[in-house]
Amino acid sequence: MLENIQVPEGMNPEILEHLMNPQNYGKLDAPSGVGVAVDEKSGEYVIFYVQTDGKIIDDLRFATNGCQDTVVVGSMFTQMIKGDAIEYAQASIQKLNDKLSGASAQQQICADMVLSAFIAAMQNYENLQNGKTEEMHVLKMKESCENESDI
Amino acid sequence: MNQIYKQKHELWLAIAFTSFAINDEKIKSKLYDFSQIAFRHMKWISSELLLAGENYNYDREMQLCKKESLFELIEDLKIKVEAIQNHYPHTRLGSRCRSDDAYLLEYLTSLLGNEQNNHPITAFNRECIYEEKNLSKEQIDALTLFLFEESYKEYELVLVYAYMQARTDDVLQFSVFEDLIAESHFHLKSFGNMMAKLGILALPRELHEMSYVIHDLEKFVRNGIAEEEAAKEMCRELSSKIKDEELSKFFDFINEQESYHIALMQRLLETDISNEAAMTNLDFDEFWSGVDI
């Protein structure tokens, strides 16, 4: 499945489908973990909800006020890891990062925000399992879309 | 009451996007007027909710009806309008909403009574062809991305400004929000109609509360100004990329409107925007206590 990932560059039917019908977009009512990645400079964020038993990602959702690249990457990534093992999801992050190495700086920042939000959600799950009280786990991004001139 | 707000929000979108999907200018225009009435219902319902000490959100569960004939779209819209009727409260406002909807239902029924009104719907066919204009693939791609980006942003702005307008006691802020909401409605309509022409009409994605529960109005306005600048740049790029006089003029026109939005937002910065406590229900000190990566 990872082989099928396409960086959202140019328009093709698959990208158009993700734009018209983003997958796994929204919220979960009773998630096991909630994570946010936020770009404080631009105010853009991605919030991720996961439902997991610690082994399998049973369900997940994401939402963002970011650009369409963020939406497309979020839609693709969630589709890719839903129903799979956490180990697979972790490996997917690395593979997706590798795939995006040739993408524009802005696309890499957008993808990074999606992946960071997922990592934050998993961190929140782990923290809650360890008895920590935390509504959601927040990661602040170092790179900002606002620095890019090709927005 | 929050449930009726949610249903009204969904109905506003259903009427507006049915209007965008229809090619017949007369029917399109009439339905768009009805969508604006539905939006005013939303505004009044939100005021009553806040007066009663209740709250509301922008959650929604609707799917866009994607049919291939006008009659199928109208039939679906009729069902949605009928479904809300028993949920209106027995108040003066509830009575007003029922009366407006009854008139809309009569209009929809009259459309269905004349077979000549039944035209094919091309708004969802994904053909990505813009009327008779000879746009290259690259130009269509740029236009497509712009329309998805900006239709979401305009929807977001309509709802965010409406949320803030409902919570301010400052007359100048109220007035600026009113203007910005009207402007974003116009842009949403323009972009929605263009998406329908391209066959890519889709609902803007749902707003998360992090987008509209504003904890720092000044920062929000400053970010908004930066976004307007980015939108202006996108308009400029699109206008120069699309070698079509009519479309280029349109994007230059939108670009100039964005300039005035910035002026309106700068007026907000001149008001007392330190009183943002009423605009938040989240504990943001706790919220931002994350870890840098």
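The values are calculated or read from the model by the stated rules, or taken from the named source; none is laboratory data. Remember, it's a predicted structure, so these values are computed and weren't measured experimentally. Methodologically, a virtual Cβ is constructed for each residue, glycine included, from the backbone with ideal geometry; neighbour enumeration extends over all protein chains shown.
Overview of results
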item: Flag if B:LEU247 is away from chain A (no Cβ under 14 Å), farther than 30 Å from B:LYS133 by Cα and part of a helix (DSSP H, G or I); result: no
item: Boolean, B:LYS6 is at pLDDT 95 or above, part of a helix (DSSP H, G or I), within 21 Å of B:THR109 (Cβ to Cβ) and in the same structural domain as B:GLU106 (by TED's automatic domain parsing); result: no
item: The one condition in (1) modelled with pLDDT of 95 or more; (2) within 14 Å of another protein chain (Cβ to nearest Cβ) that A:LEU19 fails to fulfil; result: (1)
item: Among the candidates B:GLY199, B:GLY290, B:GLY224, residue that is modelled with pLDDT of 90 or more and either of a type outside the set (Val, Ile, Thr) or more than 14 Å from B:VAL160 (Cα to Cα) (or both); result: B:GLY199
item: Pick from the range A:83-110, criterion within 14 Å of chain B (Cβ to nearest Cβ) and assigned to a helix (DSSP H, G or I), ranking: farthest from A:LYS41 (Cα to Cα); result: A:ILE93
item: Out of B:GLU72, B:GLU82, sole residue that is modelled with pLDDT of 95 or more, surrounded by 12 or more Cβ atoms within 10 Å (Cβ to Cβ) and more than 30 Å from B:TYR212 (Cβ to Cβ); result: B:GLU72
item: Selection from the range B:23-55 of residues that are free of Cβ contacts under 8 Å to residues at least 12 places away in the same chain and touching an Asp or Glu at 6+ places or on another chain (Cβ under 6 Å); result: none
item: Matching residues, the range A:45-68, being over 20 Å from A:GLN123 (Cβ atoms) and more than 9 Å from chain B (Cβ to nearest Cβ); result: A:GLY66
item: Total residues in the range B:169-201, condition farther than 24 Å from B:GLU256 by Cβ and surrounded by fewer than 20 Cβ atoms within 10 Å (Cβ to Cβ); result: 5
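Residue by residue, here is whether (1) of a type outside the set (Val, Ile, Thr); (2) more than 20 Å from A:GLY33 (Cα to Cα); (3) within 15 Å of the chain's Cα centre (by Cα) holds:
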residue: A:ASN97; (1), (2), (3): yes, yes, yes
residue: A:ALA103; (1), (2), (3): yes, yes, no
residue: A:PHE118; (1), (2), (3): yes, no, yes
residue: A:MET122; (1), (2), (3): yes, no, yes
